[in-house]
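Q: This structure is in structure tokens; I'll ask about it shortly.
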Amino acid sequence: MIEYIIIAILQGFFEWLPISSSGQVMIVSIAFFGISPTEAFSLAIWLHMGTMLAVLLKYRTDYSNIIKSLFLIKKDYAKKTINERNWLIIATIGTAITALPLYFLFKTVLEDYFRATQGDIITLIIAGLLIITGFLILLTKKVIGKKTVEDLPEKIFQSDSLISGLAQGVSILPGVSRSGVTVSSILLQNYTQDNALKLSFLISVPAVIGSVVADIVFGSGSVFFTLDISIILISTGVSFIVGYLSIEGLLKLAKRINFGYFCITYGLIAFVIILPFLLVF
């Protein structure tokens, strides 16, 4: 039980930093607690439910207005709410387009090729994706955009939101930072940093819900079936509490520190440590 609580604490902290919390969760689960790659992948998906609840609580007013606007409870919503709602819908479609094929591909690789391994090759894959994420963050760190979602005409932000969703879908792969790729994709379309960060978190909620549903329906090694429900609930609760308490401070830290270098360095260290063992054994 204690190992799952430790992993949940890490998820609560790492979710707000562009260093791929799912990648860190998988590496720690495999390397330190001997959890199989398949279970570690599923666990990383489920722990996002906790930090997703933290996002819902932080942006509760925005989500309340968006949900009400879906059912047309009143007609005089601000343009900002309508545009955020439409962005959310289109981005979710884009996420499904890229995430579902990659989910099935990664699950197949885990179950058919690495079920019996100690996870070293999976860790190398995650490390490689971290390095790629790091370079992407470095590329967009100094981008200063001017666009905001509330000021845009409908036809422009349809393509922008689809691109952000397609980028988010790629983050189903551990090692690809969800916040890193989504914020970067929005910044590269000339949006302000605050807008990019907020939109990134708004579109994360349906993505997390969708990934959990996919894990239940299609995940033969899902922790939903292999772990006691109390472990899942407690771990998710810990992830939520830690995530909510740390979100403000870590988001400020993420703005001040360039985590692109961290991702690249961390990935390279993993390569240096693991690759010699694979070559020898």
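Q: Take the residues in region 222-235 that are buried (at least 19 other Cβ atoms within 10 Å of the Cβ) and of a type outside the set (A, V, I, L, M); name whichever of them is nearest to Thr61 (Cα to Cα).
A: Ser235
Q: Can you tell me which residue is surrounded by the fewest Cβ atoms within 10 Å (Cβ to Cβ) among those in region 172-202 that are assigned to a loop (DSSP other than H, G, I, E, B) and not small (Gly, Ala, Ser)?
A: By that ranking, first place goes to Asn190.
Q: A follow-up question, please. Give me the residue from region 38-60 that is of a type in the set (Phe, Trp, Tyr) and buried (at least 22 other Cβ atoms within 10 Å of the Cβ) and, out of that set, nearest to Gly249 (Cα to Cα).
A: Looking at residues that are of a type in the set (Phe, Trp, Tyr) and buried (at least 22 other Cβ atoms within 10 Å of the Cβ), I get Trp46.
Q: Scan (1) farther than 22 Å from Phe262 by Cα; (2) among the polar types (S, T, N, Q); (3) touching a residue at least 24 places away in the same chain (Cβ under 8 Å) for the single condition Thr61 breaks and write down its number.
A: For Thr61, the failing item is (3).
Q: Working carefully through the options Ile35, Ile97, Ile66, Ile93, find the one that is more than 30 Å from Leu152 (Cα to Cα), at pLDDT 85 or above, of a type in the set (A, V, I, L, M) and surrounded by fewer than 24 Cβ atoms within 10 Å (Cβ to Cβ).
A: Ile35
Q: Right, something else. So which residues in region 228-252 are out of contact with any Phe, Trp or Tyr (no Cβ under 8 Å at 6 or more places or on another chain) and not β-branched (Val, Ile, Thr), if there are any at all?
A: Asp228, Ser230, Leu233, Gly237, Ser239, Phe240, Tyr244, Leu245, Glu248, Gly249, Lys252
Q: Looking only at region 16-50, count how many residues are in a helix (DSSP H, G or I), hydroxyl-bearing (Ser, Thr, Tyr) and more than 11 Å from the chain's Cα centre (by Cα).
A: Of the residues in that region, 3 qualify.
Q: Go through region 214-228 and give me each residue that's among the charged types (D, E, K, R) and outside any loop (DSSP other than H, G, I, E, B).
A: Matches in region 214-228: Asp215 only.
Q: Suppose we filter region 135-171 for residues that are among the small types (Gly, Ala, Ser), modelled with pLDDT under 85 and assigned to a helix (DSSP H, G or I); how many remain?
A: 0
Q: Right, here's the next one. Specify the residue that is surrounded by the most Cβ atoms within 10 Å (Cβ to Cβ); the eligible residues are those in region 1-23 that are polar (S, T, N, Q) and at pLDDT 85 or above.
A: If we take residues in region 1-23 being polar (S, T, N, Q) and at pLDDT 85 or above, then Gln11 is surrounded by the most Cβ atoms within 10 Å (Cβ to Cβ).
Q: Sticking with this one: Considering only residues of region 66-103 that are more than 24 Å from the chain's Cα centre (by Cα) and in a helix (DSSP H, G or I), which is nearest to Ala196 (Cα to Cα)?
A: Lys80
Q: While we're here: If we keep just the residues of region 179-210 that are free of Cβ contacts under 8 Å to residues at least 24 places away in the same chain and polar (S, T, N, Q), which is nearest to Ile163 (Cα to Cα)?
A: Among those that are free of Cβ contacts under 8 Å to residues at least 24 places away in the same chain and polar (S, T, N, Q), it is Ser185.
The values are calculated or read from the model by the stated rules, or taken from the named source; none is laboratory data. Predicted model only: the values in this text are computed from it and were never measured. Don't worry about glycine lacking a Cβ; one is built from the backbone with ideal geometry, like all the others, and counts go over all protein chains shown.
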